[in-house]
1. How far apart, in nm, are the 7 Å Cα→Cβ label points at E291 and S279?
2. Leaving out ligands, DNA and RNA but keeping every protein chain, what accessible area does D87 have, in Å² rounded to the nearest 10, with a 1.4 Å probe?
3. Give the accessible area for K193 in Å² (nearest 10); use a 1.4 Å probe, count only protein heavy atoms, and leave out ligands, DNA and RNA.
4. According to a simple spin-label model (label point 7 Å from Cα along Cα-to-Cβ), what is the distance in nm between R107 and K178?
5. With point charges of +1 on the Cβ of Lys and Arg and -1 on the Cβ of Asp and Glu, referenced to the Cα centre of the range 92-135, which listed residue (H100, A113, V132) lies farthest in the positive direction of the dipole?
Amino acid sequence: MKSTAILSLVAMSVSFFVMSPLAFSQGGEQPIAAWLFDEGIGRLNRSATGMVKDSSGNGHDGEVVGSPKWRWGRYGTALQFGLDPGDPNGTSWSFIRVAHHEDLSLREFTMTAWIKVKDIVPPLQSIVGKVVNVPPKGMDYTNYFMWISSRENVHGAFPPNGPGNLSCGFFISFPSDKGVWIERGTAAVTDDKWRFVACAYDPPWLIAYVDGKQVGKSENKKNGLLGKPHTKHEMPVFIGARPIQQLNRVDVAPGTPLDFEKGRDGLGGLIDEVALFASGLPEAEIKNLMELGLSGKYGYRSVDLTGKLATTWGKIKAKKM
């Protein structure tokens, strides 16, 4: 009888969440894109294929490239990214590619994600970004980019066993081409624990957060002028790596289709619940999002829960760090 009562309570709780997905929505600004990575329920330890859903409802679904693996995540399931062991050049990292859309080219932004990373992989490990390097000039049309750094600065040497700290930044097109970076935040994130990482740009300040606490801050000013983030190039959003541009391209004109078949500087670890916002969220909102998760805050339901009670129950049970 006791077991039956417990099962009934679980079923009632799950049914409430399934029938009322918005019941616990906490308001606040809505993401322009949100990838929960919960398609792995029932496919744990298998390679991901196909597409991952944008739960924001804006249609920015992502294409799986390479062979990331489904694992248990911070909420539901997550993706484990890595390098193809048969690749001698370090250019076959798995990643998620989200096609360019004007909605994703941002003058102000916030990037958030849960990550679990054990090892330091120099020079950097990409989390999420809208970025492309254009050789041979090296002009970097980075709209926004968040990564784990294992070197002193973006253009510096690679110290052995670097710190593995959160970094983020963007390039500006006015008043002159330059980067605005938090090149190494004050908190290491390569400790094999789930860490909530975020980067918010609310002009003129770029601020990085780890577990809801500020770990770095940089001002976007040059000669007293506020720079404008690059938004003119139609590069995709990458999750888990950054793209490799074809080496025979000298420059990329606005509107030119870009093909990215490989990724570099990938993340060797787990990523869960990635979201993009079209404004720089305040610290209190970032803490709220960390505490509630995307589903808890916005009532998202990323998979069909019919016959999958464990999926929803996994969302509301005690979370593990």
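The values are calculated or read from the model by the stated rules, or taken from the named source; none is laboratory data. On a predicted model such as this, the values are computed, not experimentally measured, just so you know. Glycine gets a Cβ as well: all are built from the backbone with ideal geometry, and neighbour counts include every protein chain shown. SASA here: full protein model, heavy atoms, side chains in, ligands and nucleic acids out. Shrake-Rupley method; radii C 1.70, N 1.55, O 1.52, S 1.80 Å.
1. 2.0
2. The accessible area of D87 comes to roughly 20 Å².
3. 100
4. 2.1
5. Looking along the dipole axis, the top candidate is A113.
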